[in-house]
Amino acid sequence: MRHAFQAPLWFDGAFGTYYFSLTGDETPCELANLKNPALVGQIHREYLKAGATALKTNTFAANPGTLPDPEQLGTVLQAGLEIAQKAAAEHGAEVFADIGGISATDAEQFYLTVAERFLDLGVTSFLFETLPSYEELVPALKRIREREPEAKIVVSFAVSQDGYTRRGLSHRALAGIAAADGYADAVGFNCVCGPSHMVSLVKSLGEIGCPIIAMPNAGYPSSLNGRVIFEDNAGYFATRMVELYQAGVDLLGGCCGTTPRHIAQAVRAVCSVTRPERLTAVSEKTVASQVLPHGGKGKKVIAVELAPPQDCDCSFLLSAAGELKSCGADMITVSDSPLSRARADSLMIAAKIRREVGIEVLPHLCCRDKNHIALKAGILGAALEGINRVLVITGDPPVQSNMRNPGVFSFNSFDLISFIASMNTDLFSGRPFLIGGALNVNAANFPVELERARKKIARGAGMLFSQPIFSEQAVKNFLLASRELDCALFAGILPVAGYRNALFLVNEVSGIEIPDAVMQSLKDKTPAQAAEISIAYSAGILEQVYDAADGFYIMTPLKRVDIVRGLIERIHRREEQEESK
């Protein structure tokens, strides 16, 4: 049974930004628990005097990622807890162990480590805030419930104005999952948004089955002489907190930029109003069924990849798409700056092909060098052009990447799949995107790759496209995947253009393995002879995976549409044989 909260429960404001405004100290404020405990206690008392009835420990960013020394981490956590407990005892307030959102690869273990440290210190109230996702948090929540079944747990996500975390997850989906799991006593949002947008997010949420927390920023910051500042808008903040309370929020507080003055005015304003009955539940939109283009019973879907131009000349691409359509291709897939070399935008090129050639398209969408704003903008534009299929990939790192210039990877493929799946629910329920992902059949540890594939499917991928299949082991891996995975599966076929092309692929493109016998057979052959060899070998691979594949993903080698056409003819002959049986 969840804990009941006497509404409103008032959390304090933003310790970090307030501490910085007083000290100008840019080192992590959590270290002040050791070097300036008197000031930490003073700040806690200022918020309590303003009307806060619950304190957050000054431990938001104290985790193994920021404080890798276990002894120092433990000391900072203990000191933060003791200072808060001492201040709270003077005012009869509650203390919540504050654990901030973690985006590191080891986030799951980091959450667990900090939670266990607090449990060892006797903590029974926890606030997990500014979270980008939920799944990494679950082991820590389970551990808390195992050790302290009556513990209070509050979970709060950081979402942008349009309702998505930096991991691309929808506020409604996250709140719904966290509330349904039953580990948390209250669920909601903090940070990123100012109070007005926070009101909109809460109102769109409806009833989730547990108390709601909302701790907005004071507003949106500006920069003055290189310093981030927030406006002194305590009066405005208070009016919006009234709206949050009347919208059904039980736990209120402030995040970045909110001072004791903000909390004091908000507490007075909320105390002067009454709250109407709870909002009625908002029904969840369902995602409509998604159908692949298909030639009919017994037909395999044929998707052919074309690379966008490196210049402004699109003539080859359009003529190639038209030729491929005429010879039986069902879809044109458009790569997204492969090998980190800039080419024309995949979504725009796909839209042009769809308009001018009249064939369905599947643009690749990679995470490299696009944040969630750019990705959402592109997806919305694609939807306006009638595109509702994408192949999601993380993308190769920039060719000249290094520690100082690693490229922009706000998402990985898992996050982007989740992001688009959330948009399907929120924006595209009438015509949702069918989401594709990649399957590396050449992975050295294929069982791990299968788990990655299952994760993509669980997050919303409805189809997977394999890397090029060349070796017998890759064939075996694809057949295993077809038995293990519950989604449409496309067999990747890359017919090489000739010996030099094969040599390049093996030596310069990660994950490509071409048997030496095939390499040698291409040596010293004319283009026509090489094409025949390539088609024959690719057709042999195709035959081995034919029954297991829902379709084929053929990559055009060096603009050699003739080779692809020859392979499509082989597929059609195979289909005719099946029909004649």
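Every read-out reported here was derived from the displayed coordinates using simple, explicitly stated rules and does not represent laboratory data. As the structure is a prediction and not an experimental result, all values here were calculated from the model. Cβ placement follows ideal geometry from the backbone for every residue including glycine, while neighbour counts extend to all protein chains displayed.
Using +1 at the Cβ of each Lys and Arg and -1 at the Cβ of each Asp and Glu in the chain, identify which of L131, C193, A320 lies farthest towards the dipole's positive end.
After comparing all options, I get A320.
By how many nm would the segment from D311 to D345 lengthen if fully extended, with 0.36 nm per residue of separation less the alpha-carbon distance? Each step should come with its number before you reach the end.
On the way: separation 34, 0.36 × 34 = 12.24 nm, distance 1.10 nm.
Going from the current span to full extension adds 11.1 nm.
Can you give the charge dipole size of segment 436-581 about its Cα centre, rounded to the nearest 20 debye, using +1 on the beta carbon of Lys and Arg and -1 on the beta carbon of Asp and Glu?
Working: 17 positive and 19 negative charges, 79 e Å.
For this selection, approximately 380 debye.
Once R0 is set to 60 Å, what does the formula 1/(1 + (r/R0)^6) return for the Cβ-Cβ distance between E508 and E150, expressed as a FRET efficiency to the nearest 0.05? Show your work: numbers first, answer last.
Working: r = 60 Å, r/R0 = 1.00.
Between E508 and E150 the formula returns 0.50.
Treating the beta-carbon of each Lys and Arg as +1 and of each Asp and Glu as -1, no other charges, what is the dipole magnitude of segment 338-484 about its Cα centre, to the nearest 20 debye?
Working: 18 positive and 12 negative charges, 20 e Å.
It works out to roughly 100 debye.
Pick out, from G80, F157, S346, the residue whose Cα sits farthest towards the positive end of the charge dipole of the chain, with +1 on the Cβ of Lys and Arg and -1 on the Cβ of Asp and Glu.
Value computed over the given set: S346.
Note down the relative contact order for the chain as a percent, whole number, built from C-alpha pairs under 8 angstrom at least six residues apart.
On the way: 1118 pairs, mean separation 59.3, N = 581.
For the chain, the relative contact order is 10 percent.
Taking 0.36 nm per residue of sequence separation and subtracting the Cα-Cα distance, how much length would be gained by fully extending the chain between M519 and L39, in nm to one decimal?
Details: separation 480, 0.36 × 480 = 172.80 nm, distance 7.12 nm.
Fully extending the segment from M519 to L39 adds 165.7 nm.
Provide I533, I144 in ascending order of the number of other Cβ atoms located within 10 Å of each residue's Cβ, fewest first.
Values: I533 17, I144 24.
Ranked by crowding around the Cβ, least crowded first: I533, I144.
Could you size up the charge dipole of segment 8-144 around its Cα centre, putting +1 on the beta carbon of Lys and Arg and -1 on that of Asp and Glu, and report it in debye to the nearest 20? Can you show the working numbers first?
On the way: 8 positive and 18 negative charges, 78 e Å.
Its charge dipole is roughly 380 debye.
Is it possible to state the helix-based mean residue ellipticity at 222 nm for the chain, with each DSSP H run of 4+ residues giving -39500 (n - 2.57), the sum divided by total residues, to the nearest 500 deg cm²/dmol? What is it?
Helix-only estimate at 222 nm: -13500 deg cm²/dmol.
Taking the Cα-to-Cβ direction at E576 and at N371 and moving 7 Å from each Cα, how far apart do the two end points lie in nm?
Result for the modelled spin labels: 5.6 nm.
Assuming R0 = 56 Å, what is the FRET efficiency of E323 and Q246, from their Cβ-Cβ distance, to the nearest 0.05?
Values: r = 63 Å, r/R0 = 1.12.
The calculated FRET efficiency here is 0.35.
Please rank L505, L131, fewest neighbouring Cβ atoms within 10 Å first, as an exposure proxy. Can you show the working numbers first?
On the way: L505 20, L131 28.
Ordered by Cβ neighbours within 10 Å, fewest first: L505, L131.
Lysines near K300 by alpha-carbon distance under 19 Å, same-chain residues fewer than 8 away left out - which ones?
Output for K300: K325, K581.
For T274, project a label point 7 Å along Cα to C-beta. Then give me every residue of segment 1-33 with its amide nitrogen under 12 Å of that point.
Under cut-off, by backbone N: nothing.
State the extension gain, in nm to one decimal, for the chain segment bounded by L480 and H91, taking 0.36 nm per residue of separation less the distance between their alpha-carbons. Display every interim value, and only then the final one.
Working: separation 389, 0.36 × 389 = 140.04 nm, distance 6.30 nm.
Roughly 133.7 nm would be gained on extension.
Residues with beta-carbon under 13 Å from that of S337, excluding S337: net charge, scoring Lys, Arg +1 and Asp, Glu -1? Walk me through the intermediate numbers first.
On the way: positive: R341, R343, R368, K370; negative: D336, D345, D369, D396.
Once all neighbours under 13 Å are counted, the net charge is 0.
Along the positive direction of the dipole of segment 9-271 (beta-carbon charges: Lys, Arg +1; Asp, Glu -1; about the Cα centre), which of G122, V249, G209 reaches farthest?
Towards the positive end, the residue furthest out is V249.
Give me M555, M198, M463, M519 sorted ascending by neighbouring Cβ count inside 10 Å, so fewest comes first. Don't jump to the answer; show the numbers that get you there.
Numbers: M555 21, M198 28, M463 25, M519 15.
The fewest-first ordering by Cβ neighbours comes to M519, M555, M463, M198.
Taking only Cα atoms, what is the 0 to 90° angle, nearest 10, from helix 472-484's long axis to the longest principal axis of the chain?
With rounding to tens, the tilt is 50 degrees.
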